[in-house]
Amino acid sequence: MTGLRVFVAVLLPRAIQQVLFDTARALSEAPGGRLVRWTPRDNLHLTLKFIGQVEASRIASLSAAIQRACRLLTPFDITLAHLGCFPNPHRPRIVWAGVTEGTGQLVPLANEIDRALEPLGVQREQRPFTPHLTLGRARAEAPTAALNQLGMALVTQAPHVFGSFRVDSISLMASDLRPQGAVYRVLADIQLGAIDPTRHNSQH
């Protein structure tokens, strides 16, 4: 059996991926920007849950658990806007785009997935879920002083609005680590608010 590195994500429309990628490309030219490993355009996504390494034989049960978690949650709109960094602008290790609309739906969605996967041996998150989209990660060897310059550039940026879109499904993803970087592929697409056929038929 082949092990897979898997996570649950909200995938983005291509147009929003492009806007985010163009923003990251501009940041890469800012002071300190070359010390960050920026996310490739096609890999830009919003992570709901990182599961980790699992056997391929477990994908069906993981997918079914996520589907149960999503059954009572209806589609919603989110807006990606603003730039920030973790843990702080003086030591930016992760550069992110924020969520301004839709956090009230994303947080319960992530929490439901977290609860649904625990009986399958997936460890619960220790920290509260904070919706964000990772644009880049600082290289391990990056000097703090140079990263500080990038952090200050981020906090002085004019507010960005990257776009809005409707979330009507989420995806169970595999991350294949290759020499040129991670390549993502969809293992399962899971609809929000999928109707229980038995309940649906009883209404007619």
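Values computed for the structure shown
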| read-out | value |
| --- | --- |
| Among the candidates 185, 178, residue that is basic (Lys, Arg) and modelled with pLDDT of 90 or more | 185 |
| All positions within the range 118-149 that are touching a strand residue (DSSP E or B) at 6+ places or on another chain (Cβ under 7 Å), surrounded by 16 or more Cβ atoms within 10 Å (Cβ to Cβ) and not small (Gly, Ala, Ser) | 122, 131, 132, 133, 134, 135, 137, 147 |
| Subset tally (residues that are part of a strand (DSSP E or B) and of a type in the set (Val, Ile, Thr)) for the range 1-28 | 3 |
| When residues of the range 1-26 are limited to those that are among the β-branched types (Val, Ile, Thr) and under 19 Å from residue 65 (Cβ atoms), the one nearest to the chain's Cα centre (by Cα) | 10 |
| Cross-chain or 6+ apart pairs with Cβ under 7 Å, the range 63-74 first and of a type in the set (D, E, K, R), then surrounded by 15 or more Cβ atoms within 10 Å (Cβ to Cβ) | 68/116 |
| Single condition residue 111 does not satisfy, out of (1) polar (S, T, N, Q); (2) under 26 Å from residue 37 (Cα atoms); (3) in a helix (DSSP H, G or I) | (2) |
| Hits in the range 29-39 (condition: in a helix (DSSP H, G or I) and buried (at least 16 other Cβ atoms within 10 Å of the Cβ)) | 33, 35 |
| Residue in the range 88-123 that is nearest to residue 26 (Cα to Cα), counting only those that are of a type in the set (D, E, K, R) and under 17 Å from the mean Cα position of the chain (by Cα) | 93 |
| Residue under evaluation residue 42, criteria (1) surrounded by 17 or more Cβ atoms within 10 Å (Cβ to Cβ); (2) within 21 Å of residue 94 (Cα to Cα); (3) within 15 Å of the chain's Cα centre (by Cα), criterion not met | (1) |
| Every pair of residues 6+ apart whose Cβ atoms lie under 9 Å, when the first sits in the range 44-59 and is modelled with pLDDT of 95 or more and in a strand (DSSP E or B) while the second is surrounded by 17 or more Cβ atoms within 10 Å (Cβ to Cβ) and charged (D, E, K, R) | 48/114; 49/114 |
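Conditions (1) over 24 Å from residue 176 (Cβ atoms); (2) in contact with a Ser or Thr (Cβ under 6 Å, 6 or more places away or on another chain); (3) at pLDDT 95 or above; (4) β-branched (Val, Ile, Thr), marked per residue:
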site: 1; (1), (2), (3), (4): no, yes, no, no
site: 15; (1), (2), (3), (4): yes, no, yes, no
site: 35; (1), (2), (3), (4): yes, no, no, no
site: 66; (1), (2), (3), (4): no, no, yes, yes
site: 72; (1), (2), (3), (4): yes, no, no, no
site: 80; (1), (2), (3), (4): yes, no, yes, no
site: 84; (1), (2), (3), (4): yes, no, no, no
site: 103; (1), (2), (3), (4): yes, no, yes, yes
site: 106; (1), (2), (3), (4): yes, no, yes, no
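The values are calculated or read from the model by the stated rules, or taken from the named source; none is laboratory data. As the structure is a computational prediction, the values presented were derived from the model and not from experiment. Glycine gets a Cβ as well: all are built from the backbone with ideal geometry, and neighbour counts include every protein chain shown.
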